[in-house]
Amino acid sequence: MTNVVDITDLTVRFATDAGPVAAVRGVSLSVAPREIVAIVGESGSGKSVTSKTILGMLPETATTGGAVVLRGRDSELGIDIARIDKAKLRAIRGRDAAMVFQEPSTALNPVYPIWWQIAEGLRAHGKVSRKQARERSVEILRRVGIPEPEKRIDHYPHEFSGGQKQRIVIAMALILNPSLIIADEPTTALDVTVQAEILDLLRWCRDEYGSSIVLITHNMGVVADLADRVAVMYQGEIVEQADAHTLFASAQHPYTQALLAAVPRVGSGHSRLAVSERADASPERSAGEPVVRAAGLEVTYPGRLGRGGFRAVRGVDFEIAPGEVLGLVGESGSGKTTIGRAIAGLTHVTGGSLTVLGHEMLGIRERRFRSVRKDIGFVFQDPASSFNPLLTIGDAIAEPMLVHRAVSSPTAARARVLELLSAVQLPDDYIDRFPHELSGGQRQRVSLARALALEPKLVIFDEPTSALDVSVQARVLELITRLQAQFGFAGLFISHDLAVVDLIATRIAVMHTGEIVETGPNAQVLGSPRDPYTQRLLASLPVPDPELQAARRAELKALTGNAGASAR
């Protein structure tokens, strides 16, 4: 069969002030009809640049070489994307090949209803009446699993959840029935249960529409779940290429082996120890008054415009002992981040009791709690947005010390800042750099250093590794474990990934719709979960083994009572 895409000896260079930068070097790749090919690698490996050349989406600073031949449903000869003008590119985009972007919130226009945005592809490739556009939009929304599409086509992007927005972006890609779909990190930062639904939906796109798929990702579990063939990229080159079963069974290149080794697995962390062994390993950490104690904790957000309030946390009980790390897991909207913010005094407690470092948070005044803040560190999910872009790394780390008057000036804090940079394994010269000059993993290390600046007794980690490459994630998790052992702080580790939590936490609490449905040592919660929701979370977590993942996918469908091919 004729391939949908043939990439031959592709090179891409970007012009910069410091000279040309080679992003892709001699890449050759093909995609057959109805085939799902995954391009994997770390950020900066060239995988997204390679995929964007298929749609001619590179900026004007890019210079390309080689050939990228795309064949649509009505084209046997194919068109070399690198050799056509912009008018022909516009005719190809959406009709022959379409893109599913990484972040649907930025791909969707906030000022237009959903049906208008889906129908935009129809209007761009021919005349279509308003009635026809709405009918097609309803049909495609129904097919990708949006409930009540007749009503929801008039809703705006902010009225949909993250998983629903991703389904809408997939609907936009499918509206013209393209022969190729390019999915650029389509599940990054999604909950594992929503991620499983999106992967099922992409598989359905292949089976129902006959589309080929190029999957761009750094998640090897997602690759094992979905891909037929895998191309591994490193520093702009494909270093290994094989069918999925062969690559996962016997990876040849050291970089591929390192990627697979960096994937966190349930059972590789603290859950390996029996409950008695874990207690014997650290008896001193369970002694003393709890750092955090919640009893019947309730948090309700006030309603607006005459609407009732929203109860985000409902009657929650838990404790965090000195030196202990509690893992708090659950889907988006389960209430886990609300609990973290309540502990830090960033969200008001509205019922029950929450004691933090000996202070009752229900009704506490900011003036009284201000002195406690120096004993609480916070590591945010997105370090880039938590830093002031005008401050150097040194000034950002010194800021808590200045706010709490632990030092008199940034100059006086310099020695402590250098000590913290060393603790998070960053060179001393980073002290004068700005946040935009660091990679995602490096910024997260700086975020850790800032959280530890005042030697806190409690650190709250809010999804600190959700958007990092697996190898970077592994290094950050290892760093957190080492710092926790070195400084002895208690921790609340918030995540939707049970495998990641197993590496950091010694005890796990599972949240669902504002309630803790299960809690206990890792070996108990991960080894023999009692609650159906915990069982579903575990089954939704992809593993880097195609055969095992196929069995887990069947297990998940049995748990959810859905034997169909998708989560519609």
Suppose the chain between Ala91 and Leu305 were pulled fully straight at 0.36 nm per residue; how much longer would it get relative to their current alpha carbon spacing? 72.4 nm
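Pairs of alpha-carbon atoms within less than 8 angstrom and 6+ residues apart define the contacts here; what relative contact order does the chain have, in percent?
On the way: 1148 pairs, mean separation 92.0, N = 568.
Relative contact order of the chain: 16 percent.
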Sequence-distant lysines (8 or more away, or on other chains) whose Cα lies within less than 18 Å of Lys131: Lys151
0 to 90° range, to nearest 10: angle between helix 114-124 axis and the chain longest Cα axis: 30
Size of charge dipole - region 270-543 - debye, nearest 20, with Cβ of Lys, Arg +1 and Asp, Glu -1, no other charges: 740
With no solvent and one point per C-alpha, what does the Debye sum give as log10 I(q)/I(0) for region 5-262 at q = 0.13, 0.14, 0.16 Å⁻¹? -0.84, -0.98, -1.24
At q = 0.05, 0.06, 0.12 Å⁻¹, what log₁₀ I(q)/I(0) does a Debye calculation on the Cα points of the chain give, no solvent, two decimals? -0.23, -0.33, -1.29
Mean Cβ neighbour count within 10 Å, used as a protection proxy, ranking 81-87, 458-464, 309-315, 390-396 highest first: 458-464, 390-396, 309-315, 81-87
Given Gln132, Pro400, Gly520, which one lies farthest toward the positive end of the charge dipole of the chain, if we put +1 on the Cβ of every Lys and Arg and -1 on the Cβ of every Asp and Glu? Gln132
Helix-only mean residue ellipticity at 222 nm, the chain, DSSP H runs n ≥ 4 weighted -39,500 (n - 2.57), per residue, nearest 500. What is it? -10500 deg cm²/dmol
Please grab the % of Cα pairs in region 1-148 that end up more than 28 Å from each other. 31
Leading residue at positive end of dipole, region 5-262 (Cβ point charges), from Ala242, His218, Val37: Val37
Among Leu141, Leu190, Gly78, which residue has its Cα furthest toward the positive end of the charge dipole of the chain, with +1 on Lys/Arg Cβ and -1 on Asp/Glu Cβ? Leu141
So how do 542-549, 475-482 stack up, highest first, on mean other-Cβ count within 10 Å? 542-549, 475-482
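Using packing as a proxy for protection, rank 433-445, 197-209 so that the peptide with the highest average count of other Cβ atoms within 10 Å comes first.
Working: 433-445: 18.4, 197-209: 20.0.
My ranking of the peptides, most packed first, is 197-209, 433-445.
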Straight-line reach only, C-alpha to C-alpha below 30 angstrom: list the lysines that Lys52 could link to, leaving out same-chain residues fewer than 8 apart. Lys86, Lys88, Lys127, Lys165
Cα-based helix-to-principal-axis angle, 130-143 vs the chain, degrees rounded to 10: 60
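Rounded to the nearest 0.05, what FRET efficiency is calculated for Val128 and Asp428 with R0 set to 41 Å and r the Cβ-Cβ distance? It would help to have the intermediate numbers written out before the result.
Values: r = 61 Å, r/R0 = 1.50.
Plugging the Cβ-Cβ distance into 1/(1 + (r/R0)^6) gives 0.10.
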Please give the FRET efficiency for Phe14 paired with Glu478, using the beta carbon to beta carbon distance and R0 = 22 Å, rounded to the nearest 0.05. 0.10
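Taking 41 Å as R0, compute the FRET efficiency from the Cβ-Cβ separation of Thr560 and Asn388 and round it to 0.05. Working shown, then result.
Numbers: r = 44 Å, r/R0 = 1.07.
The formula returns an efficiency of 0.40 here.
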Once the in-chain neighbours fewer than 8 apart are removed, the aspartates and glutamates whose Cα is under 13 Å from Lys557 read Glu197, Asp200
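Laboratory data are not the source of any read-out in this text; all were calculated from the coordinates shown. Computed from a predicted model, the values in this text were never measured in an experiment. Reconstructed Cβ throughout: ideal geometry from the backbone, glycine too, with neighbour counts over all protein chains shown.
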